[in-house]
Amino acid sequence: MGEFKGRVTISGMITHETPLSDLCGAVRFVAPDPFSSIHGLTVGQEISFLAEDENGAREALESMGIAHLWDRETTKLSGGQQVRLVLAGALACSANVLLLDSPMQELDPEGRVAFIDALGILRQKRACTVVVADPFWSELKDYADRVLVLDGGKLTADLLPQDFFGARTHLAACNLLPYTGEFADREPGEAVALMKGVHVVLGGREILHGIDFALRSGELVAIMGPNGSGKTTAMLTLAGAIAPARGEVSRAGRAGFVFQNPYLQTATMTVGEELAFGPKILQWPQEEIEGFVGSGLAWTGLDPAACPLDLHPAQVRLLATASSNVHVSALVLDEPTIGLDTEGVHKVMDLVGVLLQEGKAVAIITHDEQIASVANRLVVINDGQVSYDGPPPGRS
């Protein structure tokens with residue numbers, strides 16, 4: 001149990017003295033894990049819980065570019081589509097205080113623009129307060145009225161946007177400087193995972209339409225594309241988690257996969273047990289298991305006795321990444337840097353560098369252009385097909 005001191009007031013209501021039902025009408029919180037906020041069976045049902053009427057519900061979905069998904073089951077949405085739905089719900093509700101924790105971290109560039117535009121329209125329609133904590137600060141800097149800086153659980157600064165974003169020292173202190181690392185160009189080796197003419201059908205709907213893709217040893221490939229385009233489905237198929245309806249998939253060795261939602265692959269109750277889980281399943285010698293766990297703890301900086309369910313999503317993502325590197329020839333990371341500050345991003349990319357030096361192949365699904373720019377190769381998937389396969393912009 002936690003301890004609370006002081007007073008929190010929202011719209012004139014003292015939170016610890018006000019019924020939760022009254023607070024819910026005044027404030028809306030969006031958590032970093034979008035699916036934990038979704039309760040409806042379909043998109044239309046979910047948004048109807050929050051909007052005043054169907055017109056308002058459809059208008060909110062339209063603002064986030066997912067009006068065409070009204071009848072889609074929420075369990076069949078991509079991660080980015082789930083975020084768009086949750087944000088549409090926040091825009092549709094009558095709350096005059098919106099608290100949004102990393103709302104843009106799983107959105108493609110088009111989705112981030114749509115979200116910011118929708119916020120602007122919302123603020124024109126009604127007086128409301130919006131508080132956003134998000135690593136995509138560059139998209140927000142021209143729209144914010146104030147910047148609050150928290151450090152060690154304390155408010156350390158309350159600045160105008162031009163004063164905060166105009167000073168590199170503030171960005172550095174908050175671990176918000178963009179990733180600037182790079183990987184040396186190297187000639188990739190043999191293909192360790194290969195898809196030829198792959199079609200995937202899920203729930204009676206064809207998701208992939210004849211994908212051809214190769215992942216080679218020592219190669220870093222960035223996978224990009226709009227929300228719902230089939231990126232995750234393609235990589236899950238490559239890793240062997242989804243069987244294709246048609247086409248061929250082959251792998252030389254084991255392929256690891258770190259999910260966009262890392263909680264989906266935690267299987268134990270402590271960090272130490274989680275790191276040891278894979279090696280134990282593979283029946284490693286005890287000495288090797290202990291070495292693997294020790295390396296994972298040193299890299300993540302986590303307490304071995306901590307429960308994964310009690311950790312921040314960014315910490316669980318680091319844990320899942322460390323746990324998945326179990327004698328693999330290829331590792332797929334689905335949005336590995338979302339929710340991470342600069343230090344966390346460097347930590348993930350440093351591990352990627354080590355894997356590449358070991359001759360392993362790494363594929364990163366991302367919406368972060370800066371991360372994609374350091375890859376050896378960029379693959380863009382759009383509407384279930386590869387629309388581009390070549391060097392990232394600026395690299396020959």
Would a scan of the stretch 156-173 turn up a residue that is loosely packed, with under 12 Cβ neighbours inside 10 Å, over 30 Å from Glu219 (Cβ atoms), of a type in the set (D, E, K, R) and under 27 Å from the mean Cα position of the chain (by Cα)? yes
Any chance you could count how many residues in the stretch 87-102 are of a type outside the set (A, V, I, L, M, F, W, C) and in a helix (DSSP H, G or I)? 1
Within the stretch 377-396, does at least one residue satisfy the condition of being part of a loop (DSSP other than H, G, I, E, B) and within 20 Å of Ala255 (Cβ to Cβ)? no
Quick check: anything in the stretch 147-165 under 19 Å from Met64 (Cβ atoms) and either touching a residue at least 40 places away in the same chain (Cβ under 8 Å) or aromatic (Phe, Trp, Tyr) (or both)? no
What strands (runs of 3 or more DSSP E) completely inside the stretch 182-287 contain at least 1 residues that are of a type in the set (Asp, Glu) and at pLDDT 90 or above? 205-216, 246-251
Among helices (runs of 4 or more DSSP H) entirely inside the stretch 9-86, those with 1 or more residues being within 22 Å of the chain's Cα centre (by Cα), at pLDDT below 90 and among the hydroxyl-bearing types (Ser, Thr, Tyr) are 54-63
Taking the stretch 75-123 and the residues there that are of a type in the set (S, T, N, Q) and touching a Ser or Thr at 6+ places or on another chain (Cβ under 8 Å), the one that is surrounded by the fewest Cβ atoms within 10 Å (Cβ to Cβ) would be Asn96
For the stretch 136-148, does any single residue satisfy the condition of being surrounded by 15 or more Cβ atoms within 10 Å (Cβ to Cβ) and among the β-branched types (Val, Ile, Thr)? yes
State yes or no: is Leu351 in contact (Cβ under 8 Å) with a residue 12 or more places away in the chain, in contact with a Lys or Arg (Cβ under 9 Å, 6 or more places away or on another chain) and surrounded by 19 or more Cβ atoms within 10 Å (Cβ to Cβ)? no
What about Thr337, is it of a type outside the set (A, V, I, L, M) and surrounded by fewer than 23 Cβ atoms within 10 Å (Cβ to Cβ)? no
Do we find a residue being part of a strand (DSSP E or B) and within 23 Å of the chain's Cα centre (by Cα) anywhere in the stretch 103-120? no
So if I check each of Phe277, Phe257, which one is among the aromatic types (Phe, Trp, Tyr) and over 18 Å from Lys360 (Cα atoms)? Phe277
All but one of (1) at pLDDT 90 or above; (2) surrounded by 17 or more Cβ atoms within 10 Å (Cβ to Cβ) hold for Gln385, so report the exception by its number. (2)
For the stretch 229-259, enumerate the residues that are of a type outside the set (A, V, I, L, M, F, W, C) and either out of contact with any Asp or Glu (no Cβ under 9 Å at 6 or more places or on another chain) or surrounded by fewer than 22 Cβ atoms within 10 Å (Cβ to Cβ) (or both). Thr233, Thr237, Gly240, Pro244, Arg246, Gly247, Glu248, Ser250, Arg251, Gly253, Arg254, Gly256
Mind listing just one residue for me: the one in the stretch 301-347 that is β-branched (Val, Ile, Thr), out of contact with any strand residue (DSSP E or B) (no Cβ under 9 Å at 6 or more places or on another chain) and part of a helix (DSSP H, G or I) and, of those, modelled with the highest pLDDT? Val316
Per the filter on the stretch 181-194, residues loosely packed, with under 12 Cβ neighbours inside 10 Å and either without any contact (Cβ under 8 Å) to a residue 40 or more places away in the chain or among the basic types (Lys, Arg) (or both) are Ala184, Glu187
Inside the stretch 237-278, the number of residues satisfying the requirement of being farther than 25 Å from Ser373 by Cβ and either in contact with a helix residue (DSSP H, G or I) (Cβ under 6 Å, 6 or more places away or on another chain) or not polar (S, T, N, Q) (or both) is 29
Which of the residues spanning the stretch 179-234 are within 26 Å of Leu340 (Cα to Cα) and among the basic types (Lys, Arg)? Lys231
Restricting attention to the stretch 58-88, the residues that are farther than 21 Å from Arg205 by Cα and in contact with a strand residue (DSSP E or B) (Cβ under 8 Å, 6 or more places away or on another chain) number exactly 2
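The values are calculated or read from the model by the stated rules, or taken from the named source; none is laboratory data. Remember, predicted model here, so these are calculated numbers, not experimental data. Cβ atoms come from the backbone with ideal geometry, glycine included; neighbour counts cover every protein chain shown.
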